[in-house]
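Working notes, beginning with the structure itself.
Rule-based calculations on the coordinates, nothing more; no lab input. None of these values were measured; they are calculated from a predicted model. All Cβ positions, glycine included, derive from the backbone under ideal geometry; neighbour counts span all protein chains shown.
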Ligand code: BMA
């Protein structure tokens, strides 16, 4: 694993010197823990290096044919290693539920986050937050938006009907973030990615459901409430969908600002049935064009570029990893790529291989490539206690 370790030795230097007491988790001048700032600095170095970390949503919680086992992950079953980045989703934490929208218990999620960090891994969280005005889910139907749906962002802002309720929801997120602490009193840095894919109109915070100003105010309110609640361990990610078509002005149209955002992402998926080579080629071209733009924008704003969500629904091309994804990712200085979840209860809703899946041998080539960084490649180098 020497192949991937070189730049991490520098990162290890940054991360060392941590003791067992809370006092050793100091805050920086901007109110975040030193480790949170270190993670950001490390990811900047990561983005500039030749490699990129591999992430998987919900990897510890379930996979194809199993749910709730301890110490299991489809990635681990395939390659004997863990993703470097663990993705989780906070959807339904706002309701005070004990399980998230995909039925992952929040206690279990908390433990997995702390354990993943303690092993040296990186954690990112999305939030498919229910609609505080209509009582519906995060999703809306873009073609039949109701007046209430279109008013939701306006109504959660100060003075709006759903404002107080929504502040209570933010506080539940803050409580969860604050609870992510190791037994040594170290807060786990989390790359938080709320209000994502807002360039489409399928979530209540989407393009056709609020103005640019309202969207930015939603961000400002979210960030300042976390600060008010004493949250010190978040890095903030902006992650539009694929609607910018390579146009940086479009990508940045609703950008909340350099003072709020740390990381610039992109969410985009590969679609198509088996044998549909045109759709796969289109995905590669689209991701290529978008990443070129995102990386250039991130560079000029001194932010970290990532591919915040991707995957091929059901991985219908056996060599997709080395023939489609890897050639594009190898061109760009991203810090990580996050593959979406392997649902145990939705047919074909998987995005990484599992034992017996047709792309396993190709995935192993991807895994063994020197540019892809899994847990063993970064293990022990993020010092956590
Ligand atoms: C979507 C799907 C849903 C899931 C949601 C949040 O992309 O995977 O099944 O509920 O993400 O994880």
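Descriptive notes on the structure:
- Under the simplified labelling scheme, the residue 137-residue 313 pair shows an inter-label distance of 1.3 nm, with each label point 7 Å from Cα along Cα→Cβ.
- Its Kirkwood hydrodynamic radius, worked out from the mean inverse distance over all distinct Cα pairs, puts segment 194-274 at 13.6 Å.
- Using alpha carbons only: equivalent-ellipsoid semi-axes of segment 28-117, gyration tensor based, whole Å: 26, 20, 10
- Whole-angstrom gap from segment 338-353 to segment 124-154, using each part's C-alpha centre: 24 Å
- Gained length - residue 288 relative to residue 145, 0.36 nm times residue gap less alpha-carbon distance: 48.3 nm
- Point-to-point label distance, residue 276-residue 296, nm (Cα→Cβ direction, 7 Å offset): 3.0 nm
- Per-residue [θ]222 nm for the chain (sum of -39500 (n - 2.57) over DSSP H runs n ≥ 4, rounded to 500): -11000 deg cm²/dmol
- Taking the chain as a Gaussian network of alpha-carbon nodes connected by springs under 10 Å, the highest mean-square fluctuation of the residues 66, 195, 169 belongs to 66.
- Inter-label distance, nm, simple model (7 Å from Cα along the C-beta direction), residue 71/residue 30: 4.0 nm
- Most mobile listed residue (51, 356, 272) in the chain, GNM with C-alpha springs under 10 Å: 356
- Using the alpha carbons alone, the radius of gyration of segment 233-346 stands to its Kirkwood radius in an Rg to Rh ratio of 0.99.
- Here the scattering of the chain is modelled by Debye summation over its C-alpha atoms, one equal scatterer each and no solvent; at q = 0.13 Å⁻¹ the log10 of I(q)/I(0) is -1.10.
- Rel. contact order, % - alpha carbon contacts under 8 angstrom, at least six apart, the chain: 26 percent
- Gyration tensor over alpha-carbon atoms, segment 119-162, equivalent ellipsoid semi-axes in Å: 28, 15, 8
- Förster-model FRET efficiency, 56 Å R0, residue 249 and residue 182, C-beta, rounded to 0.05: 0.85
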